[in-house]
Structures are given as C-alpha cells and as structure tokens.
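As structure tokens, the structure follows; a few thoughts come after it.
The values are calculated or read from the model by the stated rules, or taken from the named source; none is laboratory data. Quantities reported herein were computed from a predicted structural model and do not represent experimental measurements. Glycine gets a Cβ as well: all are built from the backbone with ideal geometry, and neighbour counts include every protein chain shown. When the accessible area is computed, the model is the full protein with side chains, heavy atoms only, and any ligands, DNA or RNA have been set aside. Shrake-Rupley method; radii C 1.70, N 1.55, O 1.52, S 1.80 Å.
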Amino acid sequence: IRRRVYYVNDCYYMVCKLEKEVFENPALIEINSITSMYNPNLISKFLLMLSTLIISYSCSGDYDNYSETSNEKPVIFPDYTDITIPVNIAPLNFKMSGAKQIRAQVFVNEKQVFDIKSDSVIEFPIEDWKEQIKSYAGKDLFITLTAWTSKNPDGIRYKPFNIKISQDKIDPWIAYRLIPPGYELWKRMGIYQRNITDFEEEPIVTNDQNNGGCVNCHNFCKYNPDTWVFHARGEGGGTIVTYKGVSRKVAIEKKGPQKGATYPAWHPSGRYIVFSSNVTRQNFYGISRDKIEVFDTESDLIVYDVLKDNVLTDPRFTERHNWETFPAFSPDGKNLYYCVAHSNDESNNANRKPTFFWDLKYSLCRVPFDETTGKFGEQVDTIYSAYREGGSVSFPRISPDGRYLLYTLADCATFPIQHVEADLKMKDLTTGDSINTNILNSEYSDSYHSWSSNGKWIIFSSKRVDGRYTRLFFSHFDGKGNFTKPFLLPQEDPEHNMARLNAYNIPEFIKAKEKVDKDKMANYFHV
C-alpha cells in the first residue's frame, strides 16, 4: 500500500492504493525478498482494498514542521533536477530513498501549483500535471522538497531545484525493443511502443508470435507508424515490411545477390530500404572490462525496392575488403550515410584471430542517392576518418533540418552498447566543426539515438543508471548546437525503472500509435 496526499483546489486528500504491479509479477517479489507476502489470503485482502478507493482528509501537521535546512539539492531518482522537459511529457514522478515522509511544493512565479505529501514517492496526478505544464509552457517549475528520514527525523528542507517547461513538443510515441541483457541466451523479447505523454505501453510484436525467435532491427519511414520494417529471425521468420499500413513477409536473402538484410534505413520517399548485409560473430571474455564483443566478419550494402520487390546492388559496396554498415539517409533523401571499415586481410575472414576487432575502426562516409533509379552516385565523401580522428563510428543520424550529424564513437568495432567508453558525438555538416556533447555522456555506454521529428529532442540509450541495463534518456536541442541535461523516461512508479529486468534497445520516435493486427502478424510466422 502506498500513501499519497495531494493538494487540489485548496484541499488536502490522502489516497491509499495497492501497488498491484508487485502482485502481478512473482519474479519481482522474489527479487525483493518478500515472497512471504505472496499468498492467496493476503492477495485476496489487498485486491479487496484495491476495489475500494479510500479517500479521507489528511492532517497536514506532520508535514508542516522541519528542523533543518540544507544548501544542497535533494538526491532523487530519477534525477529530474535542473532539466528541460517538453510541454507534453508524462508526469515526472520520483522517489527519495530512505525517506519516511516527503513533501514536494511546486511553484511557478511564486504561485503554488502542487503540494504533494507522501511516503518516499512523489506522484503527480496525471490530468492536473498535463493542465499545469500546458498553462505554464516556457516557464520554470521551482520544486522545494522536505523529507523526514532516520537521519533527519524532525525533517530537513532542501535547496529548491527547477524544471524548465519547453514550448517545443515531442513526438507522442516511441518504439523500442525490450530484451534481457544476457550474453548468450534469452527466452522472451519484443518490440514495444510507449505513449510518452502518459504511461501507456503495449507490444507491437513479441517472439511469442514467431515461434520464440528473435525480433529486431525495426525502423520507421519519416516517423510514420504505417510504414516500417523489422526482422523476425528463426523458424518461419523473415523481413516484415509494412508499407502504407499493409504488411508482408519478404525473403530478401533469396532475391538478387541473395544477401541477408540486417540494419535498415528507409528512404524518405518510402520506396526504398537500404540494408546492410552483415555476417556477425561474437566473443566472450572471462576477465575484461567488456564481457562481450560483437563484430562483423563481412558486411555490404543492398537496396530493396519496396514497389518492385527486388534487390539492387552496386559492386563498390559489395566487395569483400570494405565492410559497410549502419546506413542512414539524409532527410531530403539525396545522400546516404554509412559506416565503413577496411580489411587488408587476404585470408578467410571467418578464420581471423578473435582479437582482430581491436584494430577494426569504422569511418563515416556519404554517397549520393538517386531516388528515380535507386542507384548510388559516383563521388564518395569521408565525413569522419577513424584513421585520422581516432575511434570507431556507428549509428549516424542526421537532424531533420539536415545540418547536424549525431553519431556514436567507441574505441573499436561496431557494437558500442557493450563498450563502456562509447559516447555520443556530433558534427555540424555545414561547417565540418565538432559540437561539444559532453552534457549527454556518462562514464558508461551511451549509444543508440534518434531525433524527434521537429529536431528539438533526442532520445538515446544509456547504461548510466547501473552499468548493466540500457535505459532511455531524453535531451532538448536548441538547433544551435546546445543540448540540455538528459532525463530518464518517466514511469508511473519510479521503481519500475529499476524493477524491469529488460534492457531498452533501438529507441525510435513515431508520430502516432502503430495499430497492429496481432493475429495477422502471427500468421506471418506460421510454419
């Protein structure tokens, strides 16, 4: 049971409610060592309480008195101190570890708009939150936190922190893969979508629908949920292409040059998808900072014509000594960006020593693309040279206005999610200058990233919370090369960020909810 006290219309209300998620997840109960609570009698009592919302007036005296003040800002989770948020984001619920009671007073221009009194968790009423941040777009929320802990039983008031409400909206939905962060085995995974203006989340496709195989590498055309692609690996699998709301399974590896399709990039016109065709291997280590290395032994670029259902190739991008991967189109569709490494090895790549990837550096190149023919142009430009500038590039993403190139830089190879040193970097394509992105990065892996459709926000995956799980972070971009302090994807219960035993993978913005016919989707994988 959690207790909340809300300030609404000059009155205080206490709400007791069951945290039902715990009782729906026996694994979570076991992890938190409270298995003794999980028995039918207790569950029946708690479910009975859930059916009745208990509302009573609360005595506010316990929350009015405190004996100490601090010049430090409070330590809360998630860390929502001094951040910038979109005007349409879900409530930023947070917790304070060790607090027995907590009070959050929220002001705008010295007017109090929220006064929430609770245990260790501050949970904003969602409709009131939406109304208030919409009313005060462009202004700052100033939050004063008072807490009563075992160390400060008489209460301590912390230095206020602020949250700036940007008038820039964010795309309301995101899509991502959820997968256990295991190295060798997994049982369940899926591609999910989440409404980030509230807390609605649902699966788009899971591997329950494709015979327990892998579902991965989703990509949307111009943020459109009606035109997208993903792969289903394993028995009955294939590449699932959805074009203008109509889906079909395509065996791309049986067409043209008979190369498999791996990492996709939609052309803005929706007619073409450029894939890298990768032969991927992995190594495991007993003693190492990074426990696993995933690398390619070869990779090429192929072009799939969605309308003609055929595959086009260019011999420059299919020969064995250049390994091309991670294609990405410019917003106008006139250029394709891709990463490339050069192999000087004349022997069978599959027999190379498992340490070769330490010297495997990927540069970033650009080639013109003709959407009338589906062919590449003659000139190839090097945008980032790994040999001159160092490191290895992956995941090039160009801002919607075509000016900025955001990418991931690691020491070597092409799997930065497993590289502690991986950081987000950016170039100004009009000047060639590097942009300072230090505010985005942490001591752990910061990798896959996407731009919002208006170019004002990015989302990226990071292991900064615990060094193990990738979680999703947002940052505001002012269009002039400046980002703001990243903040964690809001959850209705802040503890959900730690309790979920899945990593977030490949976050992409979409403009609306993807409407999936689950039965039809499952039929694609019928064996």
Inset, instruction - Please work out the FRET efficiency for the pair T372 and N523, using the Cβ-Cβ distance as r and a Förster radius of 30 Å; give the result to the nearest 0.05. - result: 0.25
Legend entry - Label-zone membership for the range 97-114, site I439, 7 angstrom Cα→C-beta point, backbone N under 16 Å: none
Inset, instruction - Find how much the distance from D428 to S247 grows on full extension, using 0.36 nm per residue of separation minus their present alpha carbon separation; answer in nm with one decimal. - result: 61.4 nm
Legend entry - Separation of alpha-carbon centers, the range 408-457 and the range 202-264, rounded to whole Å: 26 Å
Inset, instruction - Please list the non-local residues whose amide H lies under 5 Å from the amide H of Y404, H modeled 1.01 Å from N, same-chain partners needing a gap of 5 or more. - result: S399, L429
Inset, instruction - Please compute P(r) over all alpha-carbon pairs of the range 86-168, binned at 5 Å starting from zero, and give each bin as a whole-number percent. - result: 3, 16, 25, 24, 15, 10, 5, 2, 0
Inset, instruction - Please turn the phi angles of the range 144-153 into ³J(HN,Hα) values with the Karplus equation 6.51 cos²θ - 1.76 cosθ + 1.60 (θ = phi - 60°), one per residue in order, whole Hz, x for glycine and proline. - result: 9, 10, 10, 9, 10, 10, 5, 6, 10, x
Legend entry - 20 °C / 1.002 mPa s Stokes-Einstein diffusion coefficient of the range 154-268, Kirkwood radius on C-alpha pairs, µm²/s: 127 µm²/s
Legend entry - Heavy-atom accessible surface of the range 211-261: percent carbon and sulfur, 1.4 Å: 44 percent
Legend entry - When each of K254/K463; K255/K334; K425/K511; K159/K425 is checked by Cα-Cα distance, pairs over 28 Å: K254/K463; K159/K425
Legend entry - Other-chain or far-sequence residues with amide H under 5 Å of I179's (modelled H): A503
Inset, instruction - Would you mind pulling out the separation of the Cα centroids of the range 477-519 and the range 83-102, in Å? - result: 16 Å
Inset, instruction - List the residues whose amide H sits under 5 Å from the amide H of G377, counting only those 5 or more places along or on another chain, with H placed 1.01 Å from N in the peptide plane. - result: F369, D370
Inset, instruction - Determine how many Å³ per residue the convex hull of the Cα atoms of the range 406-518 encloses. - result: 145 Å³
